[in-house]
Amino acid sequence: MLGSGIIRLHVSNHGGAAKKVRFLVIEGGDVAYGHPAPTATFQSGESRLIETGLSASGQKTVRGFVAYCDMSGQRYYACTVSGGKMSFRLKGWRRDRKISDQVLAKKLYPDFDVSNMTPQEYDTIERSL
């Protein structure tokens with residue numbers, strides 16, 4: 001839908017298999033987040049196209065990230081839509097804890113406040129293996 005203003009996210013795995021794949025996209029006061037259906041696991045070379053219920057404001061203010069764990073559960077990665085990347089080493093008690101999208105978004109975008117955001121729906125519209 002070129003020119004429609006609908007925000008789409010293309011997630012590609014260019015490395016080894018990944019698990020616990022999550023995404024979060026913020027536009028204005030709206031947010032879309034979750035795992036790219038049908039599963040939160042990506043095979044090597046897999047990609048998915050996600051269509052969100054968000055509409056672009058035209059001011060290029062979209063913020064967001066894609067996060068995932070390696071299959072061993074040793075490292076957790078977050079890649080921002082602007083090209084930044086963070087890596088966290090998971091060991092001991094942290095390996096079994098759920099990493100919150102909201103906490104990660106707050107770390108990447110300090111002005112992020114989920115209580116003031118309106119969640120929007122999303123759908124995986126294409127999957128390539």
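The values are calculated or read from the model by the stated rules, or taken from the named source; none is laboratory data. Note that this is a predicted model, so its numbers are computed, not measured. All Cβ positions, glycine included, derive from the backbone under ideal geometry; neighbour counts span all protein chains shown.
Keeping to region 36-63, report how many residues are part of a loop (DSSP other than H, G, I, E, B) and either in contact (Cβ under 8 Å) with a residue 40 or more places away in the chain or surrounded by 15 or more Cβ atoms within 10 Å (Cβ to Cβ) (or both).
Selection size over region 36-63: 11.
Would you check if there is a residue in region 112-129 being on the phi < 0 side of the Ramachandran plot, outside any strand (DSSP E or B), touching a strand residue (DSSP E or B) at 6+ places or on another chain (Cβ under 8 Å) and at pLDDT below 85?
The initial filter retains those residues of region 112-129 that are on the phi < 0 side of the Ramachandran plot, namely 112-129.
Subsequent filtering for residues that are outside any strand (DSSP E or B) retains 112-117, 120-121, 129.
When the remaining residues are screened for being touching a strand residue (DSSP E or B) at 6+ places or on another chain (Cβ under 8 Å), the result is 112, 114, 117, 120-121.
Still in the running and at pLDDT below 85: 112, 114.
Yes; the residues of region 112-129 include at least one that is on the phi < 0 side of the Ramachandran plot, outside any strand (DSSP E or B), touching a strand residue (DSSP E or B) at 6+ places or on another chain (Cβ under 8 Å) and at pLDDT below 85.
Of the residues Arg63, Arg75, Arg48, only one is at pLDDT 90 or above and of a type in the set (Lys, Arg); which?
Arg48
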